[in-house]
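Reading through the structure tokens given below for one structure.
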């Protein structure tokens, strides 16, 4: 399991699934399934329209609500966007930044990731910053170069103090939604690259405290093997998080 000094985080990214009503029904069931869970943090990231209802549904529980994206400006003429203060007002505590689907489909860059990270911290939101290589990049032996570029660019100008709340998620693009999962060894190797870079940039204490999640076809069948690796501090879970029993089973991976 994860190092004892780093509390594991199991986060469900629902992407563009579930209406407000479906979200509330899920959470009403899910919070009963995990009400006695200890030793890990639980995060659920519904779609934008359901955030406020989700926050209401989990009030009084240990479940944290995350948004899947936001704009780095606090307000302005940005049609279709939402700001960090809006997310806070809706009841969010966390926000996913730089997911590969944002990079692939919506023009996210390392620079815009950094802008969002700084804006999230300023607003009191905890960033979950995603990095990861494509299949072409992995087959070209570019994994380390890609990860270093993304972590350096996305977290530029941070100090050990400002880095302290941040969570990093390693999501190999070739394993997201494909059913292909990086082996625990592959995942841990990538996590070590990231942790070593943070050690170089921000020192050993910051590196050892950093929680790095694995994402990419995480499911109940493989969660134990992944979490058995000391360098893996949790999961950012996509499709398998859409069913409350499935998500609860992963929360209870040590049972």
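Details
- Relative contact order, whole percent, for the chain stands at 23, derived from Cα pairs under 8 Å and 6 or more residues apart.
- Rg ratio for region 138-255: its Cα radius of gyration over 2.2 N^0.38 Å, N being its residue count, equals 1.08.
- Calculated [θ] (222 nm, deg cm²/dmol) that DSSP helices of n ≥ 4 give over the chain, each run adding -39,500 (n - 2.57): -12000 deg cm²/dmol
- This ranking places 241, 246, 100 by how few other beta-carbon atoms lie within 10 Å of each, fewest first, which gives 246, 100, 241.
- The fewest-to-most ranking of 214, 253, 17 by surrounding Cβ atoms within 10 Å reads 17, 253, 214.
- Prolate/oblate/rounded label for region 44-105 (Cα gyration tensor, a/c 1.5): oblate
- If the Kirkwood radius is taken over C-alpha pairs of the chain, then at 25 °C and 0.890 mPa s the Stokes-Einstein diffusion coefficient equals 136 µm²/s.
- The slack in the chain from residue 36 to residue 161, taken as 0.36 nm per residue of separation less the alpha-carbon distance, amounts to 41.8 nm.
- Between region 32-48 and region 136-173, the alpha-carbon center distance in angstrom: 26
- The order of 130, 40, going from fewest to most other C-beta atoms within 10 Å of their C-beta, is 40, 130.
- Estimated inter-spin distance, residue 89 and residue 25, nm [label 7 Å along Cα→Cβ]: 3.0
- Under 14 Å from a label point set 7 Å out along the Cα-to-Cβ vector of residue 78, the amide N atoms of region 98-112 belong to 98, 107-109, 111-112.
Quick note: the coordinates plus some simple rules give every number you see, no bench work behind them. None of these values were measured; they are calculated from a predicted model. Cβ sites come from the backbone with ideal geometry, for glycine too, and all protein chains shown count toward neighbours.
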